[in-house]
Amino acid sequence: MAHKPSFMPRLEPRGHASPSMVYLTPLLALVVTLLAGGLLFQVLGFNAPEALYTFFISPLTTAYGLGELVVKATPLALCAIGLALGFRGNVWNIGAEGQLTFGAIFGGGVALACYDMEGWWILPLMVVAGMVGGMLWGAIPAFLKTRFHASEILVSLMLTYVATLILSLLVHGPWRDPEGFNFPESRIFSDSALLPVLLAETRLHFGALFALAAVVGGWFIIARTFVGFQIKVMGLTPAAGGYAGFSQRKVVWLSFLVSGALAGLAGVSEVAGPIGQLQPTVSPGYGFTAIIVAFLGRLHPVGILLAALLMALSYLGGEAVQIGMGLPLAVTGVFQGMLLFFLLASDVLIRYRVRFGRPQQEAKA
Amino acid sequence: MQAVFYFSHVTTASCDACRQGSPSFSEKSRGGVRFFDLCRRFQRVQTDQLPPPRLQLRRIDKRFPGCHANKAVSLTLQPGEIHALLGENGAGKSTLVKIVYGVQQADSGEILWDGQPVHIGSPAQARALGIGMVFQHFSLFESLTVTENIALGINAREPLEDLATRIAEVSQRYGLPLDPQRHVHDLSVGERQRVEITRCLLQNPRLLIMDEPTSVLTPQEADTLFETLRRLRDEGCTILYISHKLEEIRALCSQATVLRAGDVVGSCDPRENSARALAQMMIGTELKTARSSISGTRRGEARLQVTNLSLGSLQPFGVDLKDISLSVHSGEIVGIAGVAGNGQNELMAALSGEHRSADHDAIHINGQPVGRLGPKRRRDLGMGFVPEERLGRGAVPDLSLADNALLSGYGRQALVSRGLISFRKVNAYADRIIQAFNVRTHGRRAEARSLSGGNLQKFIIGREILQKPKLLICAQPTWGVDAGAAAQIHQALLDLRDQGAAVLVVSQDLDELFTIADRIAVMCHGRLSSLRAARETTVEQVGLLMGGLFDSADEWEDDHGA
């Protein structure tokens, strides 16, 4: 059994991760994604440079395109900042999509109830209702987690589908537009219930400012407050948190309420912004993509802002190659998936090196 | 009951010895050992030429990132000797034996087994050669029986019944009686060690490596173990014995190799050197021991009062606390001795507030009932707490020292106002700890994980002491800490006491407790003995209590007129 050479690759710890690499890897992952994407286009029989240009550059060449970029980045950033807080504390909220949907239901519900009314108070009320809706939907996994130790991953994920079905039930039934030819859609919201557009000729709406505020607020909580410190300690070393007298329960509740509120805010911003009514589906998976955004942004609010813009571009690029070159819309998902995959892979590689052969032969390194 | 048990197995051991004609009973005196050694050597010369050394290490070198663990270490182990490997924590002892046992590979150097160069690539290969190792931390499955555990450990192909018979036989023969059918979670720590030793013995080892085997044993259990080891030696087995307890090395070993910072700094016959001389070889400088200025006679009011505390453990195979009463007064150090795993962790969690008690009045701090209060509220009453696990409970490995200062200092140092962290105050506090307690680090921004055990412990103890606690609770304050740092820590605890704080120290190290404690109690099976003055107590009495003989030792106290 002694000296048989083995060519199985192994992972060997590097001892310490280079700090600059931690911030460089997202860029590296992006470059590798571009290369792999180009190869993919080539194999599919398209001109790779042209496809990449259509995917990544063409959406940014018009003011409208730039506006769309921000419109798509807004819900991503809002959801991801809430999720990042929880992820830092080892609280795994996978259900931002459901909380977003519930925010849309609550906010949209207020808009429909105030359909005949006018007033400056309608929008703030919708925003508050949307955040409350998201918090309520986030409170369920938090309660089950703290009370019964139920996995918050499963509960929050499954509640997403419940939320979508409830929304579907409402727009097919009681909230269906009476003049809508039986389409499963609500009335179009009155002007008092729509977020103002910030830039003429685009759909860039007030929600973008919510996202910016969330970036600043998220950074402040993480970097300056004692609550942020508690979340960080609980995420890194729960036993040390217990020793210091921090409460796991509190961290779970706080993470779910904050991320629920921000996801709910994203939901109400969508229906009061670009959509303008309730539909059976109010999000193309923003809540799930936000998980990628959170990790791509290194759980840091500024990183999340950049990552949200990048992910928004992948939505636009997917549409652009679909329209311009006849590629399937699934290209968007493929690019998002590749990006996360390469990011996680480079994360592993900055902590470990790959070795082939027997352990003792490379000990000189 | 326990006494009868010890007595009986010592008897069995010597009877077996007679039957096998082994001369172990003649070895009570050192002269006997030497005489016997000579006879054996003589015999050997007669039968053949001097046999090659059992194991020879030639210029073994091993580097880790940022640490040169072994610097061209050479070591020769003869057949049938008990060889001590001495050194402070971090001297490279563990790395060296891990290389011998195939857990790690040397960067360079040669290993000769019976004179033949060998490559030991894995523990399985080491076992195939005849090398057995008993680790300091056992690797047993709590919910399996002794037989099942051993079967897993040696990849046994024989039926379990046969193995059980062999286990009973071998363990009996070497004076380590074991019931093969019992579940491991029912066994005491000493018995668990017997499982590990028996597992090695079943494979007829020719070299047995023991890593600090007595750190988990009572003094009486340690004596039994020594009998076993001597018998193994007489049968020709070589034993490599790692320890930093000098007295037991002087009693047991005939050769010692001393490591310091990865270098062999000497080898000697420990029987011919004083413990002090060995210690100085190990440390390289004059040994400074902590001395208390005032003995703890000025006892003030009770700062910690525990009354009939009973608490179920949170862990599946943990120890329940049963009816614990204890008081610690201002101006005294109370020590709690005991073999690890007898409820100390549970008691610590109950005192720190990490495990709250239903009975609010069971624990009083400074006269206030705190049973249902959490750690923060207890700190506010003046409690400081140093947990046993430094990295992972007392400090967050990935965070800076400044952040770790904030971890427990946030309340009493007012480092947080209106929910916001005052980084100016946090940094100043961290710098003060580093300065006052001579923490060797490149600054407050260093991650906690980058510090050595001793320096991190100085930081944690400093963090607690600078909060001016009225009551400091300390678990294993110097476990795994180098001797220099240990002396500093002892001095800091004594100074704190002299300033009028109450200090509670839980430790497995009896020497430590007898050095600093004013009163001592012993924990066993989740119960706590009564407290007695350290000055009027002997190691033997504490040893008996550690074995659970509460009644007889308490009788002693009554005889004494308490």
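The values are calculated or read from the model by the stated rules, or taken from the named source; none is laboratory data. Keep in mind it's a predicted model, so treat the numbers as computed, not measured. Glycine gets a Cβ as well: all are built from the backbone with ideal geometry, and neighbour counts include every protein chain shown. When the accessible area is computed, the model is the full protein with side chains, heavy atoms only, and any ligands, DNA or RNA have been set aside. Shrake-Rupley method; radii C 1.70, N 1.55, O 1.52, S 1.80 Å.
A few remarks follow.
- Condition met for residue B:176 (assigned to a loop (DSSP other than H, G, I, E, B) and crowded, with 18+ Cβ neighbours inside 10 Å): yes
- Test for residue B:330: is it over 23 Å from the mean Cα position of the chain (by Cα) and modelled with pLDDT under 75: no
- One residue from B:341, B:335 being surrounded by 24 or more Cβ atoms within 10 Å (Cβ to Cβ), within 22 Å of the chain's Cα centre (by Cα) and either assigned by TED's automatic domain parsing to the domain that holds residue B:503 or outside any helix (DSSP H, G or I) (or both): B:335
- Residue A:126 vs. criteria within 22 Å of residue A:280 (Cβ to Cβ) and assigned to a helix (DSSP H, G or I): yes
- Condition met for residue B:128 (open to solvent by 30 Å² or more (accessible area, probe 1.4 Å), closer than 17 Å to residue B:198 by Cα and within 12 Å of chain A (Cβ to nearest Cβ)): yes
Let's see how each residue does on (1) open to solvent by less than 20 Å² (accessible area, probe 1.4 Å); (2) at pLDDT 95 or above; (3) within 14 Å of another protein chain (Cβ to nearest Cβ):
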residue	(1), (2), (3)
A:207	yes, no, no
A:212	no, yes, no
A:217	no, yes, yes
A:222	no, no, yes
A:248	no, no, yes
A:252	yes, yes, no
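- When each of A:84, A:73, A:51 is tested for being assigned to a helix (DSSP H, G or I), modelled with pLDDT of 95 or more and within 18 Å of residue A:318 (Cβ to Cβ), the lone residue that passes is A:73.
- For region A:280-290, the candidate set comprises residues that are of a type in the set (Val, Ile, Thr) and more than 10 Å from the chain's Cα centre (by Cα); within that set, the residue that is least open to solvent (accessible area, probe 1.4 Å) is A:282.
- Any pair with Cβ under 8 angstrom, 6 or more apart, that starts in region A:287-304 at a residue that is on the phi > 0 side of the Ramachandran plot and ends at one that is hydroxyl-bearing (Ser, Thr, Tyr): A:298/A:23
- Taken over region B:203-231, the criterion of being among the hydrophobic types (A, V, I, L, M, F, W, C) and at pLDDT 90 or above is satisfied by B:207, B:208, B:209, B:210, B:226, B:229.
- Test: residue in region B:111-118 that is open to solvent by less than 10 Å² (accessible area, probe 1.4 Å), outside any strand (DSSP E or B) and at pLDDT 90 or above: no
- Entirely in region B:472-549, the helices (runs of 4 or more DSSP H) that have 2 or more residues that are open to solvent by 20 Å² or more (accessible area, probe 1.4 Å) and of a type in the set (D, E, K, R): B:483-498
- Qualifying residue in region B:88-110 (condition: away from chain A (no Cβ under 14 Å), open to solvent by less than 40 Å² (accessible area, probe 1.4 Å), in contact (Cβ under 8 Å) with a residue 40 or more places away in the chain and more than 27 Å from the chain's Cα centre (by Cα)): no
- Among residues of region B:61-87, those that are within 14 Å of chain A (Cβ to nearest Cβ) and assigned to a strand (DSSP E or B), counted: 8
- Residues being touching a Lys or Arg at 6+ places or on another chain (Cβ under 7 Å) and at the interface with chain A (Cβ under 7 Å from one of its Cβ atoms) - total across region B:399-426: 3
- Residues (buried (at least 24 other Cβ atoms within 10 Å of the Cβ) and of a type outside the set (Gly, Ala, Ser)) located in region A:94-105: A:97, A:99, A:100, A:101, A:102, A:105
- Checked against the criteria, residue B:161 does not count as surrounded by fewer than 20 Cβ atoms within 10 Å (Cβ to Cβ), out of contact with any strand residue (DSSP E or B) (no Cβ under 7 Å at 6 or more places or on another chain) and part of a loop (DSSP other than H, G, I, E, B).
- Being of a type in the set (S, T, N, Q) and within 23 Å of the chain's Cα centre (by Cα) is a condition met by at least one residue of region B:475-487.
- Counting only residues that are surrounded by fewer than 16 Cβ atoms within 10 Å (Cβ to Cβ) and either in contact with a Ser or Thr (Cβ under 9 Å, 6 or more places away or on another chain) or among the acidic types (Asp, Glu) (or both), region B:409-427 holds 3 of them.
- The set of residues in region B:451-471 that are open to solvent by 10 Å² or more (accessible area, probe 1.4 Å) and not in a loop (DSSP other than H, G, I, E, B) comprises B:453, B:455, B:465.
- Selection from region A:236-246 of residues that are assigned to a helix (DSSP H, G or I) and open to solvent by less than 20 Å² (accessible area, probe 1.4 Å): A:240, A:241, A:243, A:244
- Pairs where the first residue, in region B:472-492, is farther than 17 Å from residue B:328 by Cα and the second is part of a strand (DSSP E or B), C-beta under 8 Å, 6+ apart: B:476/B:506; B:477/B:386; B:477/B:505
- Sole exception among (1) buried (at least 18 other Cβ atoms within 10 Å of the Cβ); (2) touching a Lys or Arg at 6+ places or on another chain (Cβ under 6 Å); (3) part of a loop (DSSP other than H, G, I, E, B); (4) without any contact (Cβ under 8 Å) to a residue 60 or more places away in the chain for residue B:372, by number: (1)
- Selection status of residue A:260, part of a helix (DSSP H, G or I), within 14 Å of chain B (Cβ to nearest Cβ) and open to solvent by less than 20 Å² (accessible area, probe 1.4 Å): no
- Checking the stated criteria, residue A:309 turns out to be open to solvent by 30 Å² or more (accessible area, probe 1.4 Å) and under 12 Å from the mean Cα position of the chain (by Cα).
- Filtering region B:57-75 to residues that are under 24 Å from residue B:273 (Cβ atoms) and surrounded by 17 or more Cβ atoms within 10 Å (Cβ to Cβ) leaves B:57, B:70, B:73, B:75.
- One residue from A:293, A:233 being open to solvent by less than 10 Å² (accessible area, probe 1.4 Å), aliphatic (A, V, I, L, M), within 14 Å of chain B (Cβ to nearest Cβ) and assigned to a helix (DSSP H, G or I): A:233
- Scope region B:121-138; condition polar (S, T, N, Q) and free of Cβ contacts under 8 Å to residues at least 24 places away in the same chain; matching residues: B:122, B:125
- Of all residues making up region B:113-125, the number that are polar (S, T, N, Q) and at the interface with chain A (Cβ under 8 Å from one of its Cβ atoms): 1
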